[in-house]
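Have a look at the structure below, then the notes.
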Amino acid sequence: METDWIWGLVGGMLIGTGGAVYLLGNGRIMGASGIIGGLVDGSGWTTAWERIAFLVGVVVMPLILWPLYNVGIDTHMTKDVWVIVTAGLLVGVGTRIANGCTSGHGVCGISRLSLRGIVATVFYILAGGLMLVLFRHVLEVV
Amino acid sequence: MRILLSLLAGSLFGGGLFVSGMTDTTKVQGWLDVFGNWDPTLAFVMGGAIIPMFFAWRLTEGRKPLVGGAFPDLPRPELDHRLITGSVLFGMGWGLAGLCPGPAVASLTYNGVEGLLFMAAMLTGMGVAPVIGRNLDRIATTA
């Protein structure tokens, strides 16, 4: 759609504002994988409630916006169980080993010109692009 | 207060992911797939998100967080094997499914059984990551 980039920009600014609130308010870096991962492996249990509150906001806000956003959204998620499980495991393991994902390294890291954030972003975009080219255009499975 | 601010930040994050279309896997894969019908939306989302964050980092200088405490200790700008290996593994999964952790949470209520399965696999991956990380460290030190 022609207006997709405008919504992308508006949504991006909302995401960045969320990150600014989390940083300036709570003094924490808004990284989705870190917030979730700390709850999974126990490293963030001392701050469990603010992590849970954050995640509640992430889940609930789309439901509130849904009726206002009459375009309707389809996630176009793959139905292939093996692709889903493999991808989920890779995302879970990778983001925790790299200590960040698209929000932590991408948004929060690049915005302070962090070398680690920039390098991580370059590597996950390259890996994602190569994977997609391989599995979509060469093997034709996704 | 910390809880309320977290809820506000999460709501802005989830709302932003929703309206930007980032919970639609075709938009993410459309950005990654340079040989397909290339979709630049993700670049606008990233750019849009970086603008407020850039100013937020400026505002941290010489200040303390609103609700007390201190700003996080920033990691030293060193590149290590974990950063590279982890990012490559994450990117592979991101490319395959078109989902990263934020949108996976945001779309939890409308991404069907597939979304729940992805979440379960991702949480499992996060659970075993510390063990895999330690093994990677061992390989890195012996190599």
### A:THR121 vs. criteria part of a helix (DSSP H, G or I), more than 7 Å from every other protein chain (Cβ to nearest Cβ) and not acidic (Asp, Glu)
yes
## Note on the structure
B:GLY69 fails exactly one of (1) small (Gly, Ala, Ser); (2) assigned to a helix (DSSP H, G or I); (3) within 18 Å of A:ASN26 (Cα to Cα), namely (2)
### Query
Residues of segment A:73-104 being on the phi > 0 side of the Ramachandran plot and under 14 Å from the mean Cα position of the chain (by Cα), which ones?
A:ASN99, A:GLY100
### Task
Go through (1) under 21 Å from B:LEU96 (Cβ atoms); (2) open to solvent by less than 50 Å² (accessible area, probe 1.4 Å); (3) of a type in the set (Val, Ile, Thr) one by one and return the number of the condition A:THR86 breaks.
(2)
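Can you tell which of A:LEU90, A:LEU130 is more than 18 Å from B:LEU17 (Cβ to Cβ), out of contact with any strand residue (DSSP E or B) (no Cβ under 8 Å at 6 or more places or on another chain), assigned to a helix (DSSP H, G or I) and more than 7 Å from every other protein chain (Cβ to nearest Cβ)?
Being more than 18 Å from B:LEU17 (Cβ to Cβ), out of contact with any strand residue (DSSP E or B) (no Cβ under 8 Å at 6 or more places or on another chain), assigned to a helix (DSSP H, G or I) and more than 7 Å from every other protein chain (Cβ to nearest Cβ) holds for just one of A:LEU90, A:LEU130, which is A:LEU130.
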### All positions within segment A:100-118 that are more than 7 Å from chain B (Cβ to nearest Cβ) and open to solvent by 10 Å² or more (accessible area, probe 1.4 Å)
A:GLY104, A:HIS105, A:LEU113, A:ILE118
#### Entry: Matching residues, segment A:89-142, being touching a residue at least 60 places away in the same chain (Cβ under 8 Å) and either closer than 16 Å to B:SER87 by Cβ or of a type in the set (Ser, Thr, Tyr) (or both)
A:THR95, A:ARG96, A:ASN99, A:GLY100, A:CYS101, A:THR102, A:SER103, A:GLY104, A:HIS105, A:VAL107, A:CYS108, A:SER111
### Summary
Over segment A:119-132, the set of residues open to solvent by less than 30 Å² (accessible area, probe 1.4 Å) and farther than 21 Å from B:PHE55 by Cα is A:VAL119, A:ALA120, A:TYR124, A:ALA127, A:GLY128, A:GLY129, A:MET131, A:LEU132
### Summary
Those residues of segment B:1-60 that are crowded, with 17+ Cβ neighbours inside 10 Å, part of a loop (DSSP other than H, G, I, E, B) and hydrophobic (A, V, I, L, M, F, W, C) come to a total of 1
### Residue pairs meeting the criteria (Cβ under 7 Å; at least 6 apart or on separate chains; first in contact (Cβ under 8 Å) with a residue 60 or more places away in the chain, in segment B:42-70; second loosely packed, with under 12 Cβ neighbours inside 10 Å and not polar (S, T, N, Q))
B:VAL67/B:MET1
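The values are calculated or read from the model by the stated rules, or taken from the named source; none is laboratory data. If you're wondering where the values come from, they're calculated on a predicted model, not measured in any experiment. A quick note on method: Cβ atoms are made from the backbone with ideal geometry, for glycine too, and the neighbour counts reach across all protein chains shown. In case anyone asks, the SASA skips ligands and DNA or RNA and just uses the protein heavy atoms, side chains included. Shrake-Rupley method; radii C 1.70, N 1.55, O 1.52, S 1.80 Å.
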